[in-house]
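> This is the structure I have questions about; it appears just below.
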Amino acid sequence: PWDKCPKCGAPREALEGEKRVFDTWFDSSISVLYASGYSRYPEVHKLYVEGKAKALRPQGIDIIRTWLYYTVLRIYLLLGRPAFDMVRLSGMGLDEKGEAMHKSKGNVIYPEPYIEKYGADAFRYWSAAASKLGSDYRFSEQLLRTGALFVNKLWNIARFVSAFPKTDDAKILPQDMAILGMLNDVIRKVRSGFENLDFYDPINTLYHFIWDVFASHYIELVKNRAYNFEGEFSDEEQRSAWRTLHTVLKNSLLLLAPMLPFVTDAIWRQLYGSGKSVHLEMLPEPNPEWDTPLAKHFETVMKINSGIWTYKKSRNMRLSEPLNAILYIPKEMEPFAEDLKHLHKLADVRPGEKPPSNAIEIATGCFLYVL
């Protein structure tokens, strides 16, 4: 600060500060006019005033009573309309201990080293998976690691699926329609989240579906049918698996693209876009033809898989090792019988038959009888 006035030379202690000061947030409340082209693009501004151009304000919860309130009030007084159609409120970014970041505390976390270490998509995964609308969000290196692993998982899934031809004209059989029914639910949830400016639910929904359902269960279930090395499956069954694998991957990439833009674009350009970007595509919509009661049975299939894998591990068996046992499943799950038999290398799968009294129940209504 000056010791004296640079103009008149009066000493500092003789100077009196200006008392007629506006709150700076009040001044910034007309930023909407600038952003809507008030003085620069009158035709665009006219669309805004008439409500034909949508307006969104993304901001933190800490300035609701200042910037947001002043903006809403002032624009309404000036233009006679709400300042925004929607306001997206985010919480405050905290360190791993849940404390606010301040330079004076020395706990400010800069993104560059973590982007360098884990990748931009992993960092974006964390920002989506950690932040509910309106809630504070903690920095988490563990979530960054999870994001990096998810990106790698997605890449490996794409490598596997790319080994099979695209069969868009193939008939989709009931055992494959089940996973598409689950995909339909995912599409609805993700679209609903995006419409509400939310990324938390979409990224967590997609993570669970892609990793825990598609990769861990469906791909494992149809792997034998997709390769069909022994010729035990018909051409129709194999082609159905091929088409379903590509359908699920393709839709998953489209849904993930707004949140993981780099890996999805790289995969899309190679497999589906003929070099064009995934970001030129529209979000997928639910397909009414995929809605099927078999979707709920696929959840039972996952429980069967987990039950048999647990049984094998408890006996120090490799998961790929044959199991001399018979699986009894409800009649309505018959479409999954052959895939289950080949995945677990069972002696037999018997839909609709009554199991022996000493069979092990590994899922509701599903029994394993070891010979």
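The values are calculated or read from the model by the stated rules, or taken from the named source; none is laboratory data. Fair warning: this is a prediction, and the values are worked out from it, not measured in the lab. All Cβ positions, glycine included, derive from the backbone under ideal geometry; neighbour counts span all protein chains shown.
> Kindly establish whether ASP339 is among the acidic types (Asp, Glu), surrounded by 13 or more Cβ atoms within 10 Å (Cβ to Cβ), closer than 30 Å to ASN152 by Cβ and in contact (Cβ under 8 Å) with a residue 60 or more places away in the chain.
On the way: among the acidic types (Asp, Glu): yes; surrounded by 13 or more Cβ atoms within 10 Å (Cβ to Cβ): yes; closer than 30 Å to ASN152 by Cβ: yes; in contact (Cβ under 8 Å) with a residue 60 or more places away in the chain: yes.
For ASP339, the condition - among the acidic types (Asp, Glu), surrounded by 13 or more Cβ atoms within 10 Å (Cβ to Cβ), closer than 30 Å to ASN152 by Cβ and in contact (Cβ under 8 Å) with a residue 60 or more places away in the chain - is met.
> Starting from residues that are surrounded by 16 or more Cβ atoms within 10 Å (Cβ to Cβ) and under 22 Å from ALA163 (Cα atoms), keep the ones in the stretch 267-287 and report whichever is modelled with the lowest pLDDT.
My answer is GLY273.
> A follow-up question, please. Could you grab the pairs with beta carbons closer than 6 Å, sequence gap of 6+ or different chains, first residue in the stretch 66-89 and among the hydroxyl-bearing types (Ser, Thr, Tyr), second one surrounded by fewer than 18 Cβ atoms within 10 Å (Cβ to Cβ)?
THR66/TRP25; TYR70/TRP25; TYR70/PHE26
> Same structure, new question: Can you tell me which residue within the stretch 351-371, out of those that are touching a helix residue (DSSP H, G or I) at 6+ places or on another chain (Cβ under 8 Å) and part of a strand (DSSP E or B), is farthest from SER306 (Cα to Cα)?
Taking the candidates together, the pick is PRO351.
> With respect to GLU96, determine if the residue is farther than 24 Å from LEU271 by Cβ, assigned to a helix (DSSP H, G or I) and either outside the structural domain of TYR207 (by TED's automatic domain parsing) or over 15 Å from the mean Cα position of the chain (by Cα) (or both). Please lay out each step first, then the result.
Details: farther than 24 Å from LEU271 by Cβ: yes; assigned to a helix (DSSP H, G or I): no; either outside the structural domain of TYR207 (by TED's automatic domain parsing) or over 15 Å from the mean Cα position of the chain (by Cα) (or both): yes.
Answer is no for this residue.
> With respect to VAL72, determine if the residue is farther than 19 Å from ASP27 by Cα, of a type in the set (Val, Ile, Thr) and either outside the structural domain of ASP198 (by TED's automatic domain parsing) or under 27 Å from the mean Cα position of the chain (by Cα) (or both). Spell out the reasoning first.
On the way: farther than 19 Å from ASP27 by Cα: no; of a type in the set (Val, Ile, Thr): yes; either outside the structural domain of ASP198 (by TED's automatic domain parsing) or under 27 Å from the mean Cα position of the chain (by Cα) (or both): yes.
So VAL72 fails the test.
> Quick check on the stretch 107-116. Is at least one of its residues assigned to a helix (DSSP H, G or I) and surrounded by 14 or more Cβ atoms within 10 Å (Cβ to Cβ)?
Checking the stretch 107-116: at least one residue is assigned to a helix (DSSP H, G or I) and surrounded by 14 or more Cβ atoms within 10 Å (Cβ to Cβ).
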